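S.K.: I'd like to ask you about the structure that follows.
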Amino acid sequence: MSAPAAPNEDLPTELPGVVVRRLTAVDAVRYRSVVRANAEHLGRDGDWQDEIAASIGDVEHRFGDAPDADRTFGIFEVGVLLGQVTLVHGAPPKWGLGYWLTDAATGRGVMTVSIRAVLTHARVTLGATEVLARVSHGNEASIAVLERLGFAPIARLTSSTRWRRVLS
Ligand SMILES: CC(C)(COP(=O)(O)OP(=O)(O)OC[C@H]1O[C@@H](n2cnc3c(N)ncnc32)[C@H](O)[C@@H]1OP(=O)(O)O)[C@@H](O)C(=O)NCCC(=O)NCCS
């Protein structure tokens with residue numbers, strides 16, 4: 001595994017004007033303010049309580065460039081931060097996946113195209129071979145995203161289902 005060659009490069013998506021870019025500590029203040037503004041939306045299924053409670057310092061630390069750091073990509077449209085996709089540093093070449101959109105950005109396919117761009121980056125730049133995601137039971141919008149992207153359910157747990165996509 002190697003670090004991204006150009007961590008701050010805009011990666012295009014299939015939606016014109018929508019790009020993803022790996023976030024750094026410089027983005028922490030803006031990121032936290034978007035999370036706080038969407039706390040009700042993100043708090044609905046309980047998965048994002050730590051994200052909502054995070055301090056700016058927590059976010060700066062998370063966006064650091066340690067070799068074993070998670071890779072969080074901001075989703076931008078004309079400079080506006082619409083959400084994020086995180087490649088969770090699990091056991092490379094296997095990675096985890098986490099994602100959210102602002103309430104206003106849902107319903108347009110933004111997440112589907114953004115994750116697709118990040119998965120291509122993960123495969124080509126990080127040598128990822130497999131990506132795993134965990135979705136709370138009842139989070140139908142998130143399940144629909146994973147199904148559109150070719151993920152398959154592999155384990156039903158107490159409160160969530162684990163999904164996997166093999167990258168080829
Ligand atoms: C999960 C979440 C990102 C899904 O957002 P989303 O907008 O439904 O997902 P997409 O961006 O892929 O958009 C899909 C919607 O756009 C529509 N769409 C329009 N053009 C599309 C296109 N080109 N491609 C795919 N979908 C398109 C789809 O029909 C769908 O609309 P529908 O829900 O009315 O059927 C969002 O609900 C969210 O942020 N939730 C809170 C956080 C969360 O649950 N994160 C995941 C934890 S596992």
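S.K.: Does region 51-69 contain at least one residue that is touching a helix residue (DSSP H, G or I) at 6+ places or on another chain (Cβ under 8 Å), more than 22 Å from Ala133 (Cα to Cα) and acidic (Asp, Glu)?
M.R.: Scanning region 51-69 turns up at least one residue that is touching a helix residue (DSSP H, G or I) at 6+ places or on another chain (Cβ under 8 Å), more than 22 Å from Ala133 (Cα to Cα) and acidic (Asp, Glu).
So that you can scan it fast, the table gives a plain yes or no per residue for (1) over 23 Å from Gln49 (Cα atoms); (2) in contact with a Gly (Cβ under 9 Å, 6 or more places away or on another chain); (3) within 14 Å of the ligand (Cβ to nearest atom):
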| site | (1), (2), (3) |
| --- | --- |
| Asp65 | yes, no, no |
| Arg108 | yes, no, yes |
| Val124 | yes, no, no |
| Ile154 | yes, no, no |
| Leu157 | no, no, yes |
| Ser160 | no, no, yes |
| Trp163 | no, no, yes |
| Ser168 | yes, no, no |
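S.K.: How many residues are more than 16 Å from Arg116 (Cβ to Cβ) and surrounded by 13 or more Cβ atoms within 10 Å (Cβ to Cβ) if we restrict to region 142-158?
M.R.: 2
S.K.: Could you please let me know if Leu101 is within 17 Å of the chain's Cα centre (by Cα) and surrounded by fewer than 21 Cβ atoms within 10 Å (Cβ to Cβ)?
M.R.: Answer is no for this residue.
S.K.: Same structure again: Can you tell me which residue among Glu77, Glu60, Glu40 is within 16 Å of the ligand (Cβ to nearest atom) and either under 26 Å from Thr120 (Cα atoms) or surrounded by 15 or more Cβ atoms within 10 Å (Cβ to Cβ) (or both)?
M.R.: Being within 16 Å of the ligand (Cβ to nearest atom) and either under 26 Å from Thr120 (Cα atoms) or surrounded by 15 or more Cβ atoms within 10 Å (Cβ to Cβ) (or both) holds for just one of Glu77, Glu60, Glu40, which is Glu77.
S.K.: Check Arg30 against each of (1) away from the ligand (no atom under 11 Å from the Cβ); (2) touching a residue at least 40 places away in the same chain (Cβ under 8 Å); (3) in a helix (DSSP H, G or I); (4) surrounded by 15 or more Cβ atoms within 10 Å (Cβ to Cβ) and name the one condition it does not meet.
M.R.: For Arg30, the failing item is (4).
We did not get these values from a lab; they are worked out from the coordinates using the rules stated. These numbers were taken from a predicted model, which means no experiment stands behind them. For neighbour counting, all protein chains shown are included, and Cβ atoms are generated from backbone atoms with ideal geometry for every residue, glycine included.
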